[in-house]
Each structure stands twice: as C-alpha cells, then as structure tokens.
Amino acid sequence: MSRLFLPFLKSVFFLFLTAGCEPRMVTGRVNDAFVTPDQMVTSDAGPIDLGGCSAEQCGRGGWCAGGECICGLGFEIDADGQCQDVNECENMISPCAPNERCINSLGDYVCVCAEGYLSTEEGCVDLDECVTGTDNCSDFATCENTEGGFYCACLDGFMGDGTVCEDIDECVVGSSSCLGTQICQNTLGGYTCTCRPGFIANGGDCVDIDECELGLSDCASAGMCLNVEGGFQCRCADGFAGDGRSCTDIDECAMNLADCPENKRCV
C-alpha cells in the first residue's frame, strides 16, 4: 500500500469513530435543553451533568453529583434547587451559649461574647460594669451589677431612670418633715429645717422667743411690749398716741378730753 494513501485512511477511520459524538453547546439551564441521562455535554459555563444539573446551577456551597445538586455543610436546597446559606443564628435554638451572640457567615457561623460579657480562656464571663466604670449611671445614682448588665437607681432625694437623675425639691412638693415653726430649705438631694424668726431651736423643735422678757423688742419707752407667737407687738401706754415704737403725749386739755370738775383747771 502506498505511503501516501495511509494518512488518508487514518483520517477516514477517525471520522468514522467520532461520527455522532461531537460535543454539543448548551446555554441556559440544563432542564431547558433535552439531553439523555447517559450523555455528557459541554456548555459555555463549564461541564454539565446531563442527569440534570451543573456546578454553577447548584450555587455557592454545592456541587453536582449523579444529576443532583449536593449541598455542603451549612447550606440547603431552596425552592429553585440551588444551595443557599443556612442562617444558623435564626434557628429557634441558638447554636451559641446563652451568654454568646451568634453571627452568621457563608456556610458557617461564629459565636462571640454577648454585650455585658468578657471573653476569657474559660469562656464568656459576666462583666461588672459598676466596678470597671463602664456603666452609664448618673452621678446621683447607685449602680447594681446584674448578669450580663447592670441596673441604675437614683439616690434618695432624686428622681429619674437612673441614667438621668434630677433633684427633688421636697419643700415644693411637700414631702419634707419640717414643722410649722420651721422653714424648709431645699438642698441637692435633700433639705434642711430651720426655725422661723421669733423661734429658737430646742431639741428637735422650735419654741417661741419672749422678746419682751429678753429685752429684744424695739418698743418706745412710753410703749408696752406684748409677746405673741413668733414675735411681739408694741402699744403706746395710756395718754400716748403712736404705733408703740414711737409714742407722743396726748394733750387732753387742748383736745377737751379731760374730765375735770367745774371748779378745777386742766393742766
């Protein structure tokens, strides 16, 4: 046989073997194109299992095997037959501990210490915000540590939510214990009771001062001092006129106020 004829025969034999087996080009979803289960074709997106899926169609976190999409750990098949990430943090039972916070990631999740907890080698432990000074309680409030948080309560004499505390004016709202003989004076977070003018402290009470007896009045020499509760009054003596602090003689003769007999003269 001629050497020139051999290459021609090889070409004809090769075409005979490959007749009907030329790869087809398929675009779009596999189930949009009719193929038989025992065929493998090539698409412009990569290899397609003619059983019904491709790696691209299975989505991230999945692969095609035996004509079906197989999802990896942390993924699940959705209504479209693709693998979608499972948000483990939305499960009814959290995969994290009660003092941890779940953060979802693609195909996985992580657990970090929840707010109010500190990460240690032993795990997440309660953070005492009151001791570390990381609370936001008012300067006029107490801080009480709780599991995973803290509680603020306004001091006596203040009102508010603990983070904001305002002074209570006990004298205005009438919550003071001052007596009627005392004056209420408001202070920051409290109040004081002082004796009213004309009274002096006597133990926990205030008693009246007798200004007349102690010589503390300013009545005129021709006047009279009359002690009253919490003060005194001045009155002019008989034959004098004025307010008691200033008294002038009354001229009864000039004013015809005298009651002298007819045979006597008013002086």
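Just so you know, all these numbers are worked out from the coordinates, no wet-lab data involved. Keep in mind it's a predicted model, so treat the numbers as computed, not measured. Heads up, the Cβs are rebuilt from the backbone with ideal geometry, glycines too, and the neighbour counts pull from every protein chain shown.
Below is a table of values for the structure above.
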item: FRET efficiency for VAL207 and ASP128, using Cβ-Cβ distance with R0 set to 41 Å, rounded to 0.05; result: 0.20
item: Relative exposure of SER138, SER94, judged by other C-beta atoms within 10 Å (fewest first); result: SER94, SER138
item: Cleavage-rule hits, chymotrypsin sites (Phe, Trp or Tyr not before Pro), segment 53-162, DSSP coil, Cβ neighbours within 10 Å at most 16; result: none
item: Estimated vicinal HN-Hα couplings, Hz - segment 135-144 in sequence order (Karplus 6.51, -1.76, 1.60; Gly, Pro = x); result: 7, 10, 5, 5, 5, 9, 9, 9, 10, 10
item: Charge dipole (debye, nearest 20) of segment 89-201; +1 at Cβ of Lys and Arg, -1 at Cβ of Asp and Glu; result: 660 debye
item: Whole-number Å³ per residue for the convex hull built on Cα positions in segment 161-222; result: 110 Å³
item: Residue list for segment 136-152, given a label point 7 angstrom along the Cα-to-Cβ vector of THR120 and an amide N cut-off under 17 Å; result: 145-149
item: Kirkwood hydrodynamic radius (C-alpha pairs) into Stokes-Einstein, segment 220-261, 10 °C and 1.306 mPa s, D in µm²/s; result: 140 µm²/s
item: Neighbour-count order for MET224, MET92, MET159, fewest beta carbons within 10 angstrom listed first; result: MET92, MET159, MET224
item: Amide H within-cut-off set for GLY148, under 5 Å, with H built and near neighbours excluded; result: LEU127
item: Spacing of the two label points (7 Å from each Cα toward its C-beta) at VAL172 and GLU252, in nm; result: 5.9 nm
item: Estimated FRET transfer efficiency (THR146, LEU214; beta-carbon r; R0 51 Å; 0.05); result: 0.25
item: Table column - 3J(HN,Hα) (Hz), segment 82-87, Karplus curve with 6.51, -1.76, 1.60, x for Gly and Pro; result: 9, 7, 10, 4, 8, 8
